[in-house]
Amino acid sequence: MVPDTAKSAPASALAVKPLSSVGAAEVEGIDLSQDLDPAEVAAVLAAIAGNPVLIFRNQRLSKDRQARFSGCFGELEGHIARLSDGRTFPTVHTLTNLGADGSLINMDVARLNWFWHTDKSYHAVPAFVTILHAVEVPPSGGDTQFSDARMAYDALTPGMKARIDGLRAVHDWVASRINSGTSPATAEQRRTRPPVSHPLVRTHPDTGRKSLYLGVHVSHIEGLPQAESAALLAELTDHIGQERFIYTHGWRKGDVVMWDNRCLLHRALPNYEIARHPRVLNRTVVVGTRPR
Ligand code: SIN
């Protein structure tokens, strides 16, 4: 529990404790509800460069404070969907399974998140970090999994590395809806989100490490016959789904998890009683750079 009077600790007090070999670490010594000074922002960026999943426990963040914290790392990005009344999503939006009356909501948007993906890869300039703050969590399950796409790339055979070198994948919101079996993209989404192509092997802009860049938003690999493209994507998706590359985050109320979409894939696990227990996470996404 964070006392009301808690203040952010100086950056030198940040303790980064690795949780797994898969680049997840718990960060202690910082209260994200307070304004961060430049040294603290730099310390968080240094931590995420070494550990692409950062976990901050026992945080209490209003949506405004989450936006303020997230905005330290760049421009915030809205959500592609529209709210049921037609308005755009605010930059801090809520992922939930239950409505205000406690009944199960339409899980169509959430269901897409059950497949491996990297946020906003259907944009020419996809996400840098995503930040989730756990407001309500089920008593068990409702986990989020992260696959370290750098480790997955490193573990490929030399033959596979040579085969995929220079290939580009097309990421497309329309395909994403089809791949996940969720409701079709709307006319507005088709108009505003044309397909984009990204390298299948991405080089991290800060660390220079290569990683696989794919997921549910991919429609096909450019220049390959459809069957070959589908088979290669299936093989690489199986590859990144191996336990040895995965960190599974079991949520606690108050957790803030911040991850680097430029070298990870993630998915939510529907491994809880969805119609019974609330799972409420506030989400912000920070715009990144064009993949190279
Ligand atoms: C996401 O895919 O951005 C959300 C993941 C989750 O709900 O655990």
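The values are calculated or read from the model by the stated rules, or taken from the named source; none is laboratory data. A quick note: this is a predicted structure, and the numbers were derived from the prediction, not measured. Every residue, glycine among them, receives a Cβ derived from its backbone with ideal geometry; neighbour counts consider all protein chains shown. Accessible surface areas use protein heavy atoms only, side chains included; no ligands, DNA or RNA. Shrake-Rupley method; radii C 1.70, N 1.55, O 1.52, S 1.80 Å.
Kindly work out what percent of the DSSP beta bridges joining two residues of the chain are antiparallel, to the nearest 5.
95 percent
Packing-wise, with mean Cβ within 10 Å as the measure, how do 97-106, 143-152 rank, highest first?
Packing proxy ranking, top to bottom: 143-152, 97-106.
Between residue 226 and residue 100, what is the label-to-label distance in nm when each label sits 7 Å out along the Cα-to-Cβ direction?
If labels sit at residue 226 and residue 100, their model points lie 4.6 nm apart.
For a test of the definition: using alpha carbon positions, the gyration tensor, and the 1.5 limit on a/c, classify the range 120-235 as rounded, prolate or oblate.
Note, shape of the range 120-235 comes out oblate.
The range 216-283: which trypsin sites (Lys or Arg not before Pro) are DSSP loop and have at most 15 other beta-carbon atoms within 10 angstrom?
Sites meeting the loop and neighbour criteria: 252, 253, 276.
Can you list the aspartates and glutamates whose alpha carbon is less than 14 Å from that of residue 161, not counting same-chain residues fewer than 8 positions off?
Counting by Cα, and skipping residues close in sequence, residue 161 has these aspartates and glutamates nearby: 235.
Would you work out what percent of the accessible area of the chain, with all protein chains in place, is carbon or sulfur (probe 1.4 Å)?
Looking at the chain in its full context, I get 54 percent from C and S.
Which of the GluC sites (Glu not before Pro) found in the range 231-292 are loop residues per DSSP with 14 or fewer other Cβ atoms within 10 Å of their Cβ?
Sites meeting the loop and neighbour criteria: 273.
What number comes out for accessible area per residue over the range 4-287 if the probe is 1.4 Å? Units Å², please.
42 Å²
Take the alpha carbon atoms of the range 175-233, find their center, do the same for the range 91-154, and report the distance between the two centers in whole angstrom.
The range 175-233 and the range 91-154 have Cα centres spaced 17 Å from each other.
Counting other Cβ atoms within 10 Å, which GluC sites (Glu not before Pro) in the range 17-126 have at most 15 and lie in a DSSP loop?
Counting only loop positions with at most 15 other Cβ atoms within 10 Å, the GluC sites (Glu not before Pro) in the range 17-126 are 75.
Could you sort 115, 56 by accessible area so the largest value comes first, with the probe set to 1.4 Å?
115, 56
Rounded, prolate or oblate: which one fits the chain, using the alpha carbon gyration tensor with axes a ≥ b ≥ c (rounded when a/c is under 1.5, else prolate when a/b beats b/c, else oblate)?
oblate
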